[in-house]
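Data block below; observations after.
The values are calculated or read from the model by the stated rules, or taken from the named source; none is laboratory data. All of these numbers come straight from a predicted model, not from anything done at the bench. Note that we place each Cβ from the backbone using ideal geometry, even for glycine, and neighbour counts take in every protein chain shown. Side chains are part of the model used for accessible areas, which takes the heavy atoms of the whole protein and leaves out ligands, DNA and RNA. Shrake-Rupley method; radii C 1.70, N 1.55, O 1.52, S 1.80 Å.
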Amino acid sequence: RGRPAAVASSSSSSSSSSSSSGRRSRGSKSPRAQREKDGDRERRQDSPRREDHSGKRRREGNDKADAEKEERDGEVGDEARDRSRNVEAEDGAKDARMPSLMERTKTLPAGRAGGAYVPPFRLKQMMQEAQNKASPEFQRMTWEALKKSINGLINKVTKTNISAIIAEIFHENLVRGRGLYARSVMKAQLASPSFAPVYAALTAVINTKLPENGETVLKRVVVQFRRSYKRNDKPVCTAMVRFIAHLINQQVAHEILGLQILAVLLEKPTDDSVELAVSFVKEAGAAMLQLSPQGLHAIMERFRGVLHEGTIDKRVQYMIEGLFAVRKTGFAEFVAVDPDLDLVDADDQITHELSLEDQLDPEPGLDIFHLDPEFEAHEQAWAALRKEILGDDEDEGD
């Protein structure tokens, strides 16, 4: 019984010693842990001082950068202001050196159309301001005004206003603008082939007073027909054939020209050439029936031969048959001259006998501006001729 007591005492002592050692271990730390704890405490104490120093350096750097930026902005602003002043000074000097519109127009080179475009109101003002009426600048401005006026009148002409347009167009210098008139009327004819009777009537009236103008138009139309026929240009060829037919109706062109054109079209018949010939006979058949019935009969016999050959399309054959039906009625549906466009007496008309085989000069130089050394004398001569043509109408207009 004594031995277990000793064991119990020893166990109790050992348990007490172990509990005391556990309390020591919990209450105290190792030297390494203590050093780490102290280092952390020192770092926490030193970090605010480091942050203060780094923030101060950043603020100083920002202040320095702001100062440098303000300095650069000031320099750039000064340079921009100096540059703007220089630009303003250069603009002022340029404005002082810049010539007026009148002076700029004088220095512009004259092209095929006569120079640069100038608005009509400004052109009229410049012509009024011009001092020397015979100067090249004034002549060029007059040429531009003449071209615009002739072109505008031709574009406005219709069956209802042709009488008024004729009175207006004779106020323009058609002697000087002979090429301009021919060019404008041909361009209008190409754009609107259905107005061929109107343009032919206008040309017929001008031809009675100024035969050179009618001859120039006819020359250019014939040359254009030959060129388009060789090039197989059907639209242009059709327009020229129709215009020639109505010039024959107005007796500006001779009927021999029409017979020659028909002979050329039917020499080697094709669908297009026969179609052109049929349209030509329908347009000018009534006049040719009166002026050259034997020639028209020969042409109709040629149509009959083409129809019997049967080498053309059925559509064109029907056109030829329709032409024979129209001829039986004496071209009643296709009047030579519309009553509203019959403005010239047959005795007053001047007929130009031109042929397809003639060497015709279309005179393209008439479309280009040329300096006239006797400009004032020619203008006075045209004024006298215009007064003779218009007579009392001009006095009433004045």
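Scanning region 232-275 for residues that are part of a helix (DSSP H, G or I) and small (Gly, Ala, Ser), we see that the one that is most open to solvent (accessible area, probe 1.4 Å) is 263. Return a yes/no flag: does region 180-190 have any residue that is touching a residue at least 12 places away in the same chain (Cβ under 8 Å), closer than 17 Å to residue 246 by Cβ and touching a Ser or Thr at 6+ places or on another chain (Cβ under 6 Å). Among the residues of region 180-190, at least one is touching a residue at least 12 places away in the same chain (Cβ under 8 Å), closer than 17 Å to residue 246 by Cβ and touching a Ser or Thr at 6+ places or on another chain (Cβ under 6 Å), which makes the answer yes. Taken together, the residues in region 209-228 that are open to solvent by 10 Å² or more (accessible area, probe 1.4 Å) and under 17 Å from residue 189 (Cα atoms) amount to 7. A residue that is out of contact with any Asp or Glu (no Cβ under 8 Å at 6 or more places or on another chain), in a helix (DSSP H, G or I) and surrounded by 21 or more Cβ atoms within 10 Å (Cβ to Cβ) occurs nowhere in region 172-180.
Out of region 136-171, which residues are assigned to a loop (DSSP other than H, G, I, E, B) and open to solvent by less than 20 Å² (accessible area, probe 1.4 Å)?
Listed by number, the residues that qualify are 157, 170.
Rundown of residues vs (1) more than 16 Å from residue 284 (Cβ to Cβ); (2) open to solvent by less than 30 Å² (accessible area, probe 1.4 Å); (3) modelled with pLDDT under 90; (4) among the hydrophobic types (A, V, I, L, M, F, W, C), yes/no style:
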| residue | (1), (2), (3), (4) |
| --- | --- |
| 303 | no, yes, no, yes |
| 312 | yes, yes, yes, yes |
| 348 | yes, no, yes, no |
| 352 | no, yes, no, no |
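Using the structure shown, decide if residue 297 is over 36 Å from the mean Cα position of the chain (by Cα) and open to solvent by 60 Å² or more (accessible area, probe 1.4 Å). Answer is yes for this residue.
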